[in-house]
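The values are calculated or read from the model by the stated rules, or taken from the named source; none is laboratory data. Here the structure is a predicted model, which is why all the values come from computation and not from measurement. Here the Cβ positions follow ideal geometry from the backbone for every residue, glycine too, while neighbour counts run over all protein chains shown.
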């Protein structure tokens with residue numbers, strides 16, 4: 001009598017062969033850095049590389065899916081970033097949310113909304129950044145084996161609980177904005193907040209230049225190429241614009257620009273460049289402004305490095 005072998009269900013996550021190339025999100029997206037979209041045939045591989053143990057909960061289309069995974073798997077890959085037009089997370093509020101999650105002892109019954117940003121090789125968090133940051137705080141605490149130093153106690157059960165992620169691919173900035181506004185349509189208008197990074201940058205630089213111009217007006221010249229230790233206002237704005245970008249400043253950190261300028265100014269006063277003549281240094285001593293003893297490129301590098 002022929003005995004049939006029982007069928008064994010195929011694993012949703014097949015074992016990796018030793019000689020099989022492991023694909024990462026970065027390697028999958030690398031060929032498309034200069035493209036506006038990614039092909040749909042890499043989406044499943046891309047999600048698997050980002051969240052290896054995720055389960056498909058629902059597919060609206062190949063480019064819009066709801067997946068579920070453990071909180072541990074969501075956080076550990078570090079593939080989530082805040083959408084650039086979204087409000088930066090308030091650390092104090094996030095800590096309060098983290099405390100509430102632990103104290104309530106309830107499942108994290110929520111859904112977070114992300115859109116792939118294939119050029120950054122990250123997922124922009126459109127809605128849920130405070131909840132995500134709160135869970136990230138708890139994830140970091142869960143690494144502490146010593147529960148005495150971990151103020152939240154044993155978090156293993158929480159880290160292994162499931163959470164939903166609403167994922168969109170190839171979404172334009174306009175579509176991301178529409179999604180943000182749609183998700184927040186029930187909130188008071190005053191709570192809706194779309195950042196404008198370029199406007200923030202412009203305001204920061206203009207304020208810094210205005211402050212420096214007010215204090216050291218005699219060092220600013222209307223000529224296109226003024227002699228040191230003077231500078232053209234527009235050239236000074238160009239320098240600070242480059243410094244702002246290279247230091248990746250934001251509205252929350254832009255105060256550091258003024259601090260850096262004051263610190264570098266003090267440093268130069270104590271050690272002026274050798275090419276600075278006695279007449280140049282005399283003016284700087286009288287006014288207290290030493291920044292413009294350096295060339296534009298040299299000053300830019302000083303501000304970035306200090």
- Query: Exactly one of (1) within 21 Å of residue 287 (Cα to Cα); (2) surrounded by 14 or more Cβ atoms within 10 Å (Cβ to Cβ) is unmet by residue 210. Its number?
  - Reply: (2)
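Return yes or no: is residue 116 within 16 Å of residue 157 (Cα to Cα) and touching a residue at least 40 places away in the same chain (Cβ under 8 Å)? Break it down stepwise before answering.
Values: within 16 Å of residue 157 (Cα to Cα): no; touching a residue at least 40 places away in the same chain (Cβ under 8 Å): yes.
No; evaluated as a whole, the condition is false for this residue.
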- Query: Which one is nearest to residue 174 (Cα to Cα), of the residues in segment 71-88 that are out of contact with any strand residue (DSSP E or B) (no Cβ under 6 Å at 6 or more places or on another chain) and surrounded by fewer than 18 Cβ atoms within 10 Å (Cβ to Cβ)?
  - Reply: 85
- Task: Could you please find all residues in segment 215-225 being at pLDDT 90 or above and surrounded by 15 or more Cβ atoms within 10 Å (Cβ to Cβ)?
- Result: 216, 219, 220
- Item | Unmet criterion (only one of (1) surrounded by 11 or more Cβ atoms within 10 Å (Cβ to Cβ); (2) free of Cβ contacts under 8 Å to residues at least 24 places away in the same chain) for residue 200 | (2)
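What do you reckon, is residue 205 crowded, with 18+ Cβ neighbours inside 10 Å, part of a helix (DSSP H, G or I) and modelled with pLDDT of 90 or more? Show your work before the answer.
Details: crowded, with 18+ Cβ neighbours inside 10 Å: yes; part of a helix (DSSP H, G or I): yes; modelled with pLDDT of 90 or more: no.
Considered against the rule, which asks whether it is crowded, with 18+ Cβ neighbours inside 10 Å, part of a helix (DSSP H, G or I) and modelled with pLDDT of 90 or more, residue 205 comes out as no.
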- Note on the structure: Those helices (runs of 4 or more DSSP H) completely within segment 239-306 that have 2 or more residues that are more than 27 Å from residue 224 (Cβ to Cβ) and in the same structural domain as residue 229 (by TED's automatic domain parsing) are 255-270
